[in-house]
Amino acid sequence: MFEYMGIKITWLGHDGYKIKTEKTIYIDPFKTAGEEADIIFITHDHFDHLDLESINKIATPRTFIVAPTSCKSKFLDVTCKEIVLVGQEEKHEILGIEVQTLPAYNTNKYREPGVFFHPRESGGVSYLLKVSGVTIYHAGDTDPTPLMKGLKPDVAFIPVSG
């Protein structure tokens, strides 16, 4: 756990984080349990980012879940207040948190020759969050993309695979 400007950030393993202010925010919780979530952000539909077992442990009837539209059918049995489905370039405000989505996709990692592991068309997202005056960027599963240029977050979670 580390703290930045009064925000407590805990790495949960893999690509998962818990961000604690007056709200409890999770991003891509995987194989985790913890305190109840106010907001859960999911970057894409792969099992190691959209882990329903973990989500069900932290979601409550007051939890907002934010996920790409490609994840819609995954949440049929999840108890929560609302599921906010997002596209790749949108802005929202949820419980006072400013949320901006950017596309997350691969440019040099392939499932097989000519087929990207995370193609842009699959709808994966990165999140740029403004939490208590601090800008946090969670890149999701992505390679560098043109829309990342010019981002100046206070805290950034960037993938290191490949």
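Kindly indicate whether T43 is of a type in the set (V, I, T), free of Cβ contacts under 8 Å to residues at least 40 places away in the same chain, closer than 23 Å to A104 by Cβ and open to solvent by less than 10 Å² (accessible area, probe 1.4 Å). Answer is no for this residue. Those strands (runs of 3 or more DSSP E) of segment 42-130 in which 1 or more residues are at pLDDT below 95 occupy 110-112. Applying the condition of being in contact (Cβ under 8 Å) with a residue 40 or more places away in the chain and on the phi > 0 side of the Ramachandran plot to segment 1-32 and asking which residue is surrounded by the most Cβ atoms within 10 Å (Cβ to Cβ) yields D28.
Residue by residue, here is whether (1) more than 20 Å from K20 (Cβ to Cβ); (2) hydrophobic (A, V, I, L, M, F, W, C) holds:
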site	(1), (2)
S73	yes, no
T79	yes, no
I83	yes, yes
K91	yes, no
L129	no, yes
P153	no, no
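Across segment 59-71, the qualifying residues are those that are in contact (Cβ under 8 Å) with a residue 24 or more places away in the chain and touching a Lys or Arg at 6+ places or on another chain (Cβ under 9 Å), and the one among them that is most open to solvent (accessible area, probe 1.4 Å) is R62.
For F117, the conditions (1) within 18 Å of L50 (Cβ to Cβ); (2) among the hydrophobic types (A, V, I, L, M, F, W, C); (3) within 17 Å of the chain's Cα centre (by Cα) are fulfilled apart from (3). For segment 125-141, a residue qualifies if it is in contact with a strand residue (DSSP E or B) (Cβ under 6 Å, 6 or more places away or on another chain) and open to solvent by less than 40 Å² (accessible area, probe 1.4 Å), and the qualifying residues are V125, S126, Y127, L128, L129, V131, V134, I136, Y137, H138, A139, G140.
The values are calculated or read from the model by the stated rules, or taken from the named source; none is laboratory data. Model, not experiment: these values are computed from the prediction. Neighbour counts are summed over all protein chains in view; Cβ atoms, including those assigned to glycine, are modelled from backbone coordinates with ideal geometry. For accessibility, only protein heavy atoms count, side chains too; no ligands or nucleic acids. Shrake-Rupley method; radii C 1.70, N 1.55, O 1.52, S 1.80 Å.
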